[in-house]
Amino acid sequence: MPEKATRKRRALPVRWEELTASDFPKAVRRAKGVCVLPIGVIEKHGPHLPLGADVMAARAASVRAAEQEYAVVFPRYYFGQIYEARHQPGCIAIRAELLTELLQEVCSEIARNGFEKILIVNGHGGNINWLNFFCQAQLAEKRDYVVYIARREWDEKTAKQIAGLRQTDFGGHADELETSWMMAIRPDLVQLGRAGDDDGRPLGRLEHMRDAHTGIWWYADFPDHYAGDARPAKSELGELAVKGWANGLAEVVRAVKKDTAAQKLQDEFHERAAAPVSDKTRRRRR
Ligand SMILES: [Zn+2]
């Protein structure tokens, strides 16, 4: 008897690894086929934050979003673009071909499990170019799923509040803001007393080459893989940022759930791409 009662009360988990195989099909249905994939990397985060900080943040925001608008959230995905931190202890930087192949394989495994929509939530700046390329490269083959990348972080009001609370006006990695959101989600992993051990101000060593880009650009500015000054970080700022991010993501999940156009367009595109010469669907101006 009590067992039955427990069964009824138990909410369907949003975290993929917390679901049972028997509840999995129900979760896919409730999620309307949307799986959220939080991506980061394992890299140094200044002298004071844990190596997995950005994927922890992406996953925390994803889980909070999925609790508002149900979706299944994939486990932390650590394998992203991070060659620029290979000189720092603890960094895992996988070669480019495998990196992309692995992510494709994971997406196709997610899809094989019934999901038709994969929403990537990225927590690491160094992944942006690679993920945009990955998303574009989905058109190389016909697929029965759509990969989306969440673009929205927080609304204007939250952005203003964040700006109002921030004390530093530069950063980008392990900085005041990133440290603050770690203080909000995992305060036990933040060693704020060490935030001043390294210098995170940009060195501008390639300032003379502004019109030509090169892969060593980040190292040129931030050789210690710390961009910012995290000393004024505070959990109040972090809570605001994570909450704002989660709310924005919940809206993205809602929009992705509703979307029926992307898959149809993909199918139409591949039909035309299979035989461009005999294609009759060209939209001529009358
Ligand atoms: Zn990062």
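I'm checking my understanding of the structure. Among residues of region 147-159 that are modelled with pLDDT under 95 and not β-branched (Val, Ile, Thr), which one is surrounded by the most Cβ atoms within 10 Å (Cβ to Cβ)? Quick ask: steps written out before the conclusion?
Looking only at region 147-159, we keep the residues that are modelled with pLDDT under 95, and these are 151-159.
Retained after the next criterion (residues that are not β-branched (Val, Ile, Thr)): 151-157, 159.
Details: Arg151: 8, Arg152: 14, Glu153: 17, Trp154: 21, Asp155: 13, Glu156: 7, Lys157: 9, Ala159: 13.
Only one residue tops the list, namely Trp154.
Counting only residues that are within 16 Å of the ligand (Cβ to nearest atom), give me the helices (runs of 4 or more DSSP H) lying completely in region 118-188 with at least 1 of them. Steps first, please.
Working: elements: 128-136, 156-165, 176-185.
Result: 128-136, 176-185.
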For Ala93, all conditions in the list (1) touching a helix residue (DSSP H, G or I) at 6+ places or on another chain (Cβ under 6 Å); (2) more than 16 Å from the ligand (Cβ to nearest atom); (3) at pLDDT 95 or above hold save one; what is the number of the exception? (2)
Scan region 224-270 for residues that are closer than 28 Å to Ile162 by Cβ and either part of a loop (DSSP other than H, G, I, E, B) or aromatic (Phe, Trp, Tyr) (or both) and jot them down. Asp224, His225, Tyr226, Gly228, Asp229, Ala230, Arg231, Pro232, Ala233, Lys234, Trp245
What pairs can you find where one residue is in region 51-65 and within 16 Å of the ligand (Cβ to nearest atom), the other is part of a helix (DSSP H, G or I), and their Cβ atoms are less than 6 Å apart, with a gap of 6+ or different chains? Ala53/Met182; Ala57/Trp181; Ala60/Ile185; Ala61/Val242; Ala61/Trp245; Ala61/Ala246; Ala61/Leu249
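The values are calculated or read from the model by the stated rules, or taken from the named source; none is laboratory data. For clarity, every value in this text was computed on a predicted model and none was experimentally measured. Every residue, glycine among them, receives a Cβ derived from its backbone with ideal geometry; neighbour counts consider all protein chains shown.
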